[in-house]
Amino acid sequence: IELTKYLLKYGHLSIDIVDGQQVSTHNIAELIIGDLAIDGLSFQNPVYNQILQTYTEQWRELGVGVEVPSSIFVNHHNPDVSSAAVDILTSDDNYVASSLWKMKEIHIESESELLSQGVPRAILLYKSKAIERMERDLNLKLQNPELDDNELSNLLQQLKELHHIKVQLAKKVDRLIP
């Protein structure tokens, strides 16, 4: 849901991502759509996947940096998509920075600071969850007593590769591996 929120609310914006000493600017929609496409991923939830597909079509048609109108999702022919879009678009609208914090000059991260950290992290966390699903599927296949040695070896190699990727992702987001 977090990636869907970033697309619907902020997909047209660009963010600066710091990688070591290098700073690069990326469009949020381009980052999310491109990263998922590279890995052949989509959303498991059919409603969010429909939002992703519709957003991707509109984004490609309108171009990078052009805001995809929220009315496309709010007035979507699928009532589940419409309802989810309304929920996502209206979430977080009630937050107001405390005047006490402002008086005490406590730094409140700006939207761009939050997005620059949140979007890449959300992408990595989604990929990590996708890998966990793939590992579960492979582990279920391993329980088949009719596997021959070649199939068994292939499944074990796939599990090893997935585990390696999961370790790399965990390092990037400073998370323990479950």
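The values are calculated or read from the model by the stated rules, or taken from the named source; none is laboratory data. Quick caveat: nothing in here was measured; it's all calculated off a predicted structure. Note that we place each Cβ from the backbone using ideal geometry, even for glycine, and neighbour counts take in every protein chain shown. Just the protein is used for accessible areas: all its heavy atoms, side chains included, with ligands, DNA and RNA removed. Shrake-Rupley method; radii C 1.70, N 1.55, O 1.52, S 1.80 Å.
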| note | Taking segment 71-82 and keeping residues part of a helix (DSSP H, G or I), open to solvent by 40 Å² or more (accessible area, probe 1.4 Å) and within 28 Å of Gly40 (Cβ to Cβ) leaves Ile72, Asp80
| Which residues, counting only those in segment 138-147, are under 24 Å from Gly40 (Cβ atoms) and either in contact (Cβ under 8 Å) with a residue 12 or more places away in the chain or surrounded by 13 or more Cβ atoms within 10 Å (Cβ to Cβ) (or both)? | Leu138, Asn139, Lys141, Leu142
| query | So Val47 clears everything in (1) modelled with pLDDT under 95; (2) under 30 Å from Met134 (Cα atoms); (3) in contact with an Asp or Glu (Cβ under 7 Å, 6 or more places away or on another chain) except one condition, right? Which one? | reply | (1)
| task | Of the numbered conditions (1) open to solvent by 100 Å² or more (accessible area, probe 1.4 Å); (2) at pLDDT 85 or above; (3) in contact with a helix residue (DSSP H, G or I) (Cβ under 9 Å, 6 or more places away or on another chain), Asn150 fails exactly one; give the number of that condition. | result | (3)
| query | Got a sec? Which of Val64, Val68 is open to solvent by less than 30 Å² (accessible area, probe 1.4 Å), in a loop (DSSP other than H, G, I, E, B) and farther than 22 Å from Arg133 by Cα? | reply | Val68
